[in-house]
Amino acid sequence: MIRSSAFLSVISLLAVFASTTVGAMAGESDYTQQRQAILHAEKNMFIGSQLQLNDREKEVDDIVLKIKKSELQEGYKNVSSFLAAQHFFDARKKIEQSEMFSIIKKIPKGGSLHTHYLSAVSVDFIIKNITYLDNIYGCDLNGTFKLSFVNDTYKNTSCEWKKLEDYRKQDPNFDEWLYSQLSLVVENPGEVYPSANTIWAKFKKTFSTQYDMVCYRPVFEMFIYQLLKELYLDNVMYTELRGTIMPLFDLNGTLYSKKEYLEIFVQVVEQFKKDYPGFVGVRYIHSVYRGFSPDDLRKDLEDLVQLKKSFPDFIAGFDLVGYEEEGHTLFEIHDVLMDYTKELKFFFHAGETNWFGHTDENLLDAVLLNSSRIGHGFGLNKHPVVEKLARDKNICIELCPISNQVLMLIQDLRNHPVVGLMANGFPVVICNDDPSAWEATGLSYDWYVAFMAMTSEANGIQVLKQFAINSIVYSAMGDSEKQVALSQWERSWQKFIDEILALYANKV
């Protein structure tokens, strides 16, 4: 096990201390030496500590640690100035001015493994590039504003649609209002969202607002392409996207089958790879809402198994999504899921909760059902046996720090329970979840808050390098693909090292 040598060092130290009283110590130097030995042993247990840095990487590590410590020192003096501990809505624009953030932006981050694609394209792009297209309409349906493309041939009768251009003629601030329907960001989140139930209700509406709009085939293609571009521009080379199979349509009345939907999806990915050769690819994790009945779930899984035969290298597996406090627990449907463990890989959300002995038990079932990774895993530290089982099975945690804060699992990310897992060498990958909902394009914002709030002052580029490597090693790619991706990433990493050394040549 990767942490064995450091772990044994700690055990040896504890054995020595157990046989030594404070009064029996040789003196101050002995006490200080033992203290330093413990801190050193703990540092060697933290995620990434086993990576060996070359001389040039060590130089960059010195640069990064100097910048990190400078930002931390400001926080030590006045915690209200520490950006990574503030609410993301308040801190985002300031984070963008951070020197540490500018370096993280440059890092080749490997893959984005937990991204819901319907909430992963920047709202600015949607407003400016999609909502001004011809034939786009809007309407209020039971308190939710919905967008769709409609004409005389393709008639969506679910709502009383009105052209967006008419909304704009009536209200010069319509775009600003529409923005608020697609984003959770507000100036006073504590007042607007007094509880997790409140913000989840608004969060679910953002998906409903754009769902019909994205079902229009030309927009779907534009949407996926832009999503990949926003990741690529943030130095992400691969992604696994969670979503459902959408009922695509054209305005000539054409409706596309599930297989055609996936074919179109794959075509967009292949075109993007041609346009941006450094991008490795995409896998699709089929996701259904937790409210599905067991019979509907079984039918959906049957369909997915058949579709996977046609798209074996594109469909990665299956997940259940939605507010974990609602819908079915994994245990309630485990008998259905067990029938498909040989045909499908699972990537379950589990433990995205503050409860103990309730919703958090999804973690146990995720592990028993051999989930390849666990989304969030927020409650895993409450279950030491489950944690050990997950470690033994080499199940990685998909850490989504900004999501956990915005959706009100935790206020101050310094107290995030996954810190304890990382401190013990547990495999973690940094993910962005639903970035457009909180205006966090790409992965860099989540990397920044994780690095600044969830790692020690002494943790430098080793942990950042491990985050990137984990995103490839724990991906759904095949072994040969992972080797190719790792080789390509390593070249990008060395270019990053060279770039930082050149940039700071005269600054350090």
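The values are calculated or read from the model by the stated rules, or taken from the named source; none is laboratory data. The model shown is predicted, which means the values in this text are computed figures rather than measured ones. Note that we place each Cβ from the backbone using ideal geometry, even for glycine, and neighbour counts take in every protein chain shown. These accessible areas exclude ligands, DNA and RNA; they are computed on the full protein's heavy atoms, side chains included. Shrake-Rupley method; radii C 1.70, N 1.55, O 1.52, S 1.80 Å.
Points to keep in mind about this one:
- Applying a threshold of 8 Å to beta carbon distances and a minimum spacing of six or more residues, or different chains, the list of pairs starting in region 461-477 at a residue that is within 15 Å of Phe496 (Cα to Cα) and ending at one that is among the hydroxyl-bearing types (Ser, Thr, Tyr) reads Gln462/Ser49.
- Take the conditions (1) open to solvent by 40 Å² or more (accessible area, probe 1.4 Å); (2) in contact with a helix residue (DSSP H, G or I) (Cβ under 9 Å, 6 or more places away or on another chain); (3) among the basic types (Lys, Arg); (4) over 25 Å from Lys43 (Cα atoms); Lys482 misses just one of them, which is (1).
- Considering region 160-192, and only residues there that are farther than 20 Å from Val219 by Cα and touching a strand residue (DSSP E or B) at 6+ places or on another chain (Cβ under 8 Å), the residue that is most open to solvent (accessible area, probe 1.4 Å) turns out to be Glu160.
- Residue match in region 216-227 (condition: touching a Pro at 6+ places or on another chain (Cβ under 9 Å) and either open to solvent by 20 Å² or more (accessible area, probe 1.4 Å) or part of a loop (DSSP other than H, G, I, E, B) (or both)): no
- Taking the criterion of being under 27 Å from Gly111 (Cβ atoms), of a type outside the set (S, T, N, Q), out of contact with any His (no Cβ under 9 Å at 6 or more places or on another chain) and open to solvent by less than 10 Å² (accessible area, probe 1.4 Å), the residues of region 235-262 that qualify are Val236, Tyr238, Met246, Leu248, Tyr261, Leu262.
- Applying the condition of being within 19 Å of Val418 (Cα to Cα) and at pLDDT below 95 to region 314-351 and asking which residue is surrounded by the most Cβ atoms within 10 Å (Cβ to Cβ) yields Gly351.
- Cross-chain or 6+ apart pairs with Cβ under 6 Å, region 339-368 first and outside any helix (DSSP H, G or I), then of a type in the set (Ser, Thr, Tyr) and at pLDDT below 95: Thr353/Thr359
- Test: Leu363 is open to solvent by less than 10 Å² (accessible area, probe 1.4 Å), more than 16 Å from the chain's Cα centre (by Cα), on the phi < 0 side of the Ramachandran plot and not β-branched (Val, Ile, Thr): yes
- Taking the criterion of being of a type in the set (S, T, N, Q) and assigned to a helix (DSSP H, G or I), the residues of region 48-90 that qualify are Ser70, Gln73, Ser80, Ser81.
- So Ala37, is it more than 26 Å from the chain's Cα centre (by Cα), touching a residue at least 24 places away in the same chain (Cβ under 8 Å), open to solvent by less than 60 Å² (accessible area, probe 1.4 Å) and closer than 26 Å to Ser471 by Cα: no
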